[in-house]
2 protein chains.
Amino acid sequence: MLNIARWVVAAASAGVPLVLLVLGWGPLTAGHPAHLVLLGVVAAAGVAIALWRRTPAWLALTLPVVLLAPLLYLQPFASTQDGDDATVLRPDGTPKAGLVFHPGARVDYRAYLPMLRRVAAQGFLVVVVKEPLNIALLGGDTADLRAEHPEVPVWAVGGHSLGGVAAGKDVLADPSVRGLVLWASYPVDDLSGRAGLRAFSIHGERDGFTTPQDVADTRNRLPADTRFEVVPGAVHAFFGDYGDQPGDGEPTTSRAEAQERIVADTVAALTALA
Amino acid sequence: MLNIARWVVAAASAGVPLVLLVLGWGPLTAGHPAHLVLLGVVAAAGVAIALWRRTPAWLALTLPVVLLAPLLYLQPFASTQDGDDATVLRPDGTPKAGLVFHPGARVDYRAYLPMLRRVAAQGFLVVVVKEPLNIALLGGDTADLRAEHPEVPVWAVGGHSLGGVAAGKDVLADPSVRGLVLWASYPVDDLSGRAGLRAFSIHGERDGFTTPQDVADTRNRLPADTRFEVVPGAVHAFFGDYGDQPGDGEPTTSRAEAQERIVADTVAALTALA
């Protein structure tokens, strides 16, 4: 009988932290790591105290429960602004236009937030897509993400590298999208005849992946009035904040200076649409 | 011999995803959940294939390795801008002033980012602290966080609720801090004699936790020239985006309208320091 009670307490000691982890996954993993450590320590300690035969029975049954109480209290209030599929950056006041942005392949989406926050601050709503496996092409259509923001008068889609390819697919799938903003990217589909599209291609002069030659060679896949901007001395990895990328070119400018240009060119593109 | 080889492959199938999870913890948990699911599925499938006796030996030894290869390729490039202890929101150009911000107790720090981004966009560098267990008082001193940004000419500290109490302790610990910005909070320490401090207290008229009475009762703990701003109709949970808080007051304004005021009052406070 007592043994059964010990097993029940041990199961609760392991189960309650596990349930709290699953329910609070977003805020718990985004926050300070101490919380995850505490969940693990309480689970391990509770099980050990309940099952160790030399723990007196009254202690084996009460101490694990006492340990669980603060965990329940500490369960965080989640942010209502961060979802599983996208993060939204809002401007002050009503947005002049919106941009759905696809990160580059294998890049943490958070690496694009510092630059895109600066874009958003100029009056644009920016939706940064969290791609499955960080591969933009696996994400499917983004029409649902746009539909969540009916206050946006006109939409562009864009992306870095492979994210730009996904943006090209969005443009073909949804005729209501008016703008395309490519960062160090080029389309694989022919968008040259897509009615009503204004396209902007921003690329780095020293990019080792999307070279100026690649951009020139695929120019005929974009509308004839596409605006091309070259960022002097910039490489592929300057379009985000994720360090260096093996195989990239050698930059002849600073990351900060390049990003200043990329933000300004993007703001100019969205302003032209608005 | 073959059995040993099967066990080695099984161990690699479990161990490689685990190592990738630990090394890529930040970007993997922040991103789309598909990546975590894939790590788990590959680990389980690899172990099962290697150890199941009816798998032919050649398949048991090669298939798990084939499954591991894409995991290595997909390991994300981490954002260089997101740390374990804080998130930094930068303005365009050189910041006019800086604000270290402590979230309220038990609240996901991301719930404060939409409002603080709007503050940052007005020319201020904002450092949002990730508190251990989301309890600001456990975080200790924030002088190190400020020292990382020597370009900031003048610093304020602030916080919501318990975060404001932590900000008061920062002000006492570091005489170089010039400003204090309380959101629905009041100090527990006596700051009335703290030399050179400009203090701003912004609170909600209908707050059920930090009531206007609480603010009035603790007024003598703040410098005589402290500026008090009441946000009409606002409650405690309007100072972040984390939903409703049980025990809070009944609001008589909208969240959006209240937040407009809170952002404007905070920008005015930082502008007065700059």
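The values are calculated or read from the model by the stated rules, or taken from the named source; none is laboratory data. Keep in mind that this is a model prediction, so the values were computed, not measured. When we count neighbours, we look across all protein chains shown, and the Cβ atoms used for this are built from the backbone with ideal geometry, even at glycine. Surface areas here come from the heavy atoms of the whole protein model, side chains and all, with no ligands, DNA or RNA. Shrake-Rupley method; radii C 1.70, N 1.55, O 1.52, S 1.80 Å.
Apart from one condition, A:Val8 fits all of (1) hydrophobic (A, V, I, L, M, F, W, C); (2) touching a strand residue (DSSP E or B) at 6+ places or on another chain (Cβ under 8 Å); (3) over 26 Å from A:Lys130 (Cβ atoms); the exception is (2). With the condition kept exactly as written, say whether any residue in segment A:188-211 is closer than 14 Å to A:Ala105 by Cα and in the same structural domain as A:Tyr112 (by TED's automatic domain parsing). Within segment A:188-211, one or more residues are closer than 14 Å to A:Ala105 by Cα and in the same structural domain as A:Tyr112 (by TED's automatic domain parsing). One residue stands out among those in segment A:222-245 that are buried (at least 16 other Cβ atoms within 10 Å of the Cβ) and small (Gly, Ala, Ser): the one that is nearest to A:Met115 (Cα to Cα), which is A:Gly240. Is it the case that segment A:58-79 has a residue that's modelled with pLDDT under 95 and closer than 30 Å to A:Ala143 by Cβ? Taking every residue of segment A:58-79 in turn, at least one turns out to be modelled with pLDDT under 95 and closer than 30 Å to A:Ala143 by Cβ.
Working only within segment A:86-109, note down all residues that are touching a residue at least 60 places away in the same chain (Cβ under 8 Å), of a type outside the set (A, V, I, L, M) and either at the interface with chain B (Cβ under 7 Å from one of its Cβ atoms) or closer than 17 Å to A:Leu162 by Cα (or both).
Within segment A:86-109, the subset touching a residue at least 60 places away in the same chain (Cβ under 8 Å) is A:88, A:96-97, A:99-104, A:107-108.
Subset that is of a type outside the set (A, V, I, L, M): A:96, A:101-104, A:108.
Selection gives A:Phe101, A:His102, A:Pro103, A:Gly104, A:Asp108.
Quick check, is B:Asp248 open to solvent by less than 50 Å² (accessible area, probe 1.4 Å), among the charged types (D, E, K, R) and in contact (Cβ under 8 Å) with a residue 60 or more places away in the chain? Before the answer, list the steps.
Details: open to solvent by less than 50 Å² (accessible area, probe 1.4 Å): yes; among the charged types (D, E, K, R): yes; in contact (Cβ under 8 Å) with a residue 60 or more places away in the chain: no.
Considered against the rule, which asks whether it is open to solvent by less than 50 Å² (accessible area, probe 1.4 Å), among the charged types (D, E, K, R) and in contact (Cβ under 8 Å) with a residue 60 or more places away in the chain, B:Asp248 comes out as no.
Does A:Asp144 qualify as being away from chain B (no Cβ under 11 Å) and not aromatic (Phe, Trp, Tyr)? When the stated conditions are applied, A:Asp144 passes them.
The single condition among (1) of a type outside the set (Val, Ile, Thr); (2) part of a loop (DSSP other than H, G, I, E, B); (3) touching a residue at least 24 places away in the same chain (Cβ under 8 Å) that A:Ser13 does not satisfy is (2). Residue count for segment A:228-265 satisfying the condition of being more than 13 Å from every other protein chain (Cβ to nearest Cβ), touching a Lys or Arg at 6+ places or on another chain (Cβ under 9 Å), within 24 Å of A:Arg106 (Cα to Cα) and not in a loop (DSSP other than H, G, I, E, B): 1.
Consider segment B:22-35 and keep the residues that are surrounded by 17 or more Cβ atoms within 10 Å (Cβ to Cβ) and more than 8 Å from chain A (Cβ to nearest Cβ). The one that is nearest to the chain's Cα centre (by Cα) is B:Leu28.
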